[in-house]
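K.L.:
Below is a structure I'd like to ask you about.
The values are calculated or read from the model by the stated rules, or taken from the named source; none is laboratory data. It should be emphasised that the depicted structure is a prediction, and the values quoted were computed from it without experimental measurement. As a convention, Cβ positions derive from the backbone with ideal geometry for all residues, glycine included, and neighbour counts pool all protein chains shown.
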Amino acid sequence: MSEIVEKTGLRPLGAWEDGDIAGVYCSDMASDIITGAPAGCLLLTLQTHKSLIASANVVDAAMVVFAHDKRPADDVRELADRVHIPLFCTTDDTWSYAVRLFDLGMR
Amino acid sequence: MTGEPTDAAASSPGVTTCSHRWSMTDVRSGYLVVEGCYHCGARSSFFSEEPVAPMDEYREGPHIWEYLSGEQAVLFGLRCDRCGKVVDLSRLTGLAMSTCEDPECAVGRLAQELGRTASIYVALCGESTHESGRCVSEEGVAALQEYFNQGRRPGARRIVVVPCSMRSDADCCRGIVISDAGLTDL
């Protein structure tokens, strides 16, 4: 996780601890996340509501990255903090950030 | 472990020694239509695979159902990769991450008991009043819980799934419903 944060210039939106990342999943739909995202993934999304955190938690996503510099509200950050899901944001759009992860060797 | 049911288990319907490994099966996309009865305040929801979510108002027994919302959703079942058992989850219309802390509610009491070791998700059926006496099956709730826990990383919070009939009151037991509402509000 720390390598991704450093090499892609992610901005943390709260406390986080380093850990392993097992793949990437890009989605803005909660129903799609719970049917497709693998455990330990980096979840790349535009959605910033609580439902996103509830979805990320049930599939055990390792981290959430908000594209396009989207920022969740404080209550969403608190919920993520409570279930230990670190949140980050990037100024890149979803596609551009996905390409950067691909270039880093993420699959 | 072959995952095959034993002879003894095979002779007892519903009993198996298989350590299930669940996968989603029969995943279908559609709309979760939520309706409300403006006479009694009851709510009802159902899954629709129509290209456009139905919005008709109609009478059913003592209720007059009025369209409230239609959100994109998926319907799925669970199938064990080892023994082939299939669990029908057609009565599951949603999952809600519980934030209930009400000591008068069984879900809230369970949350207090589990503390930070687990996250509770309420399996929602489509009938807020439970008039028909049916909810998401016990077997379905158990399979969902196994499914969401089977691939989690070591140290990750455990997922506990409970049926919505466990709530003392649908309006007081607080939670975050996993839904695709707000997709046009990006």
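K.L.:
Just one of (1) within 28 Å of B:G61 (Cα to Cα); (2) among the aliphatic types (A, V, I, L, M); (3) out of contact with any Ser or Thr (no Cβ under 8 Å at 6 or more places or on another chain) trips up B:L124, so point out which.
P.N.:
Going through the list (1) within 28 Å of B:G61 (Cα to Cα); (2) among the aliphatic types (A, V, I, L, M); (3) out of contact with any Ser or Thr (no Cβ under 8 Å at 6 or more places or on another chain), B:L124 breaks only (3).
K.L.:
Every residue in region B:105-120 that is touching a Cys at 6+ places or on another chain (Cβ under 8 Å) and touching a residue at least 60 places away in the same chain (Cβ under 8 Å), please.
P.N.:
Correct list: B:C105, B:V107, B:G108.
K.L.:
A:S55 is checked against (1) within 10 Å of chain B (Cβ to nearest Cβ); (2) in contact with a strand residue (DSSP E or B) (Cβ under 7 Å, 6 or more places away or on another chain); (3) hydroxyl-bearing (S, T, Y) and fails just one. What number does that condition carry?
P.N.:
(2)
K.L.:
Where in region B:10-75 are there strands (runs of 3 or more DSSP E), lying fully within it, with 3 or more residues that are among the hydrophobic types (A, V, I, L, M, F, W, C)? Let's see the steps before the verdict.
P.N.:
Details: elements: B:22-37, B:43-48, B:58-60.
Correct list: B:22-37.
K.L.:
Continuing with the same structure: Does any residue in region A:45-60 that is under 14 Å from B:S119 (Cα atoms) come within less than 8 Å, Cβ to Cβ, of a residue that is of a type in the set (K, R) and crowded, with 22+ Cβ neighbours inside 10 Å six or more places away or on a different chain, and which pairs are these?
P.N.:
Once the first residue is under 14 Å from B:S119 (Cα atoms) and sits in region A:45-60, no partner that is of a type in the set (K, R) and crowded, with 22+ Cβ neighbours inside 10 Å comes close enough.
K.L.:
With a cut-off of at least 1 residues that are within 14 Å of another protein chain (Cβ to nearest Cβ) and of a type in the set (D, E, K, R), name the strands (runs of 3 or more DSSP E) lying wholly within region B:93-186. Steps first, please.
P.N.:
Details: elements: B:94-98, B:118-124, B:158-163, B:175-177.
So the answer is B:158-163.
K.L.:
Something else now. Keeping to region A:80-104, report how many residues are within 12 Å of chain B (Cβ to nearest Cβ) and of a type in the set (F, W, Y).
P.N.:
0
K.L.:
Ok, one more. Which members of region A:19-47 meet the condition of being among the hydroxyl-bearing types (S, T, Y) and within 9 Å of chain B (Cβ to nearest Cβ)? Can you show your working first?
P.N.:
The first filter runs over region A:19-47 and keeps only residues among the hydroxyl-bearing types (S, T, Y), leaving A:25, A:27, A:31, A:35, A:45.
The answer is A:S31, A:T35.
K.L.:
Hey, could you check region B:77-92 for residues that are surrounded by fewer than 21 Cβ atoms within 10 Å (Cβ to Cβ) and within 14 Å of chain A (Cβ to nearest Cβ) and say which is farthest from B:R134 (Cα to Cα)?
P.N.:
Looking at the filtered set, the residue picked out is B:R79.
K.L.:
Can you work out which of the residues in region B:121-149 that are modelled with pLDDT under 95 and among the polar types (S, T, N, Q) is surrounded by the fewest Cβ atoms within 10 Å (Cβ to Cβ)?
P.N.:
If we take residues in region B:121-149 being modelled with pLDDT under 95 and among the polar types (S, T, N, Q), then B:S132 is surrounded by the fewest Cβ atoms within 10 Å (Cβ to Cβ).
K.L.:
While we're on this one: Only one of A:R77, A:R107, A:R71 is of a type outside the set (S, T, N, Q), under 13 Å from the mean Cα position of the chain (by Cα), assigned to a loop (DSSP other than H, G, I, E, B) and away from every other protein chain (no Cβ under 12 Å); which? Lay out the reasoning, then the answer.
P.N.:
Details: A:R77 fails: assigned to a loop (DSSP other than H, G, I, E, B); A:R107 fails: under 13 Å from the mean Cα position of the chain (by Cα).
Of the residues listed, the single one that is of a type outside the set (S, T, N, Q), under 13 Å from the mean Cα position of the chain (by Cα), assigned to a loop (DSSP other than H, G, I, E, B) and away from every other protein chain (no Cβ under 12 Å) is A:R71.
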